[in-house]
Amino acid sequence: MPNFDKTWARQETPGVTEKLRETIKPQGALKPRIQTAVNKLQVQISKMDSMLGKLHERDAQLFQRVVTAMQQHDTST
């Protein structure tokens, strides 16, 4: 019975010609699309920069803890 359900409620999938037509056909003005893409990339870059800064801070904290533990001969830490 599940086979009948799949064929009855078939999802429309684009064919090869439709995919090709969407790729070739212009989808609007190029400059606004490029500007939107650039803005999205800048947002991602800023997020990654902030994450990188946090990771550097965390690395420095952990390194300082290791140095302090080694100076105090605390091998368990």
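Would you check if there is a residue in segment 14-27 being out of contact with any His (no Cβ under 9 Å at 6 or more places or on another chain), at pLDDT below 70 and not hydrophobic (A, V, I, L, M, F, W, C)? So that I can check it myself, show each step before the final result.
Restricting attention to segment 14-27, the residues satisfying the condition of being out of contact with any His (no Cβ under 9 Å at 6 or more places or on another chain) are 14-27.
Keeping just the survivors that are at pLDDT below 70 gives 26.
Those still in the list that are not hydrophobic (A, V, I, L, M, F, W, C) too: 26.
Yes, that holds for at least one residue.
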>> For the structure I just gave you, tell me whether Lys47 is more than 27 Å from Thr77 (Cβ to Cβ), open to solvent by 90 Å² or more (accessible area, probe 1.4 Å) and part of a helix (DSSP H, G or I).
In response: yes
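Say we look at segment 50-77 and pick out the residues that are of a type in the set (A, V, I, L, M) and open to solvent by less than 100 Å² (accessible area, probe 1.4 Å); which of these is nearest to the chain's Cα centre (by Cα)?
First, pick out the residues of segment 50-77 that are of a type in the set (A, V, I, L, M): 51-52, 55, 60, 62, 66-67, 69-70.
Retained after the next criterion (residues that are open to solvent by less than 100 Å² (accessible area, probe 1.4 Å)): 52, 60, 62, 66-67, 69.
On the way: Leu52: 15, Ala60: 26, Leu62: 27, Val66: 32, Val67: 35, Ala69: 37 Å.
Residue satisfying both the conditions and the ranking: Leu52.
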> Are there any pairs, at least 6 apart or on different chains, whose C-beta atoms fall under 8 Å, with the first in segment 13-41 and surrounded by 10 or more Cβ atoms within 10 Å (Cβ to Cβ) and the second in a helix (DSSP H, G or I) and modelled with pLDDT under 90, and if so, which?
Replying inline: Pro14/Glu22
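The values are calculated or read from the model by the stated rules, or taken from the named source; none is laboratory data. Here the structure is a predicted model, which means the values were calculated and not measured. Backbone-built Cβ (ideal geometry, glycine too); neighbour counts: all protein chains shown. Calculation scope for accessible area: heavy atoms of the full protein, side chains included, ligands and nucleic acids excluded. Shrake-Rupley method; radii C 1.70, N 1.55, O 1.52, S 1.80 Å.
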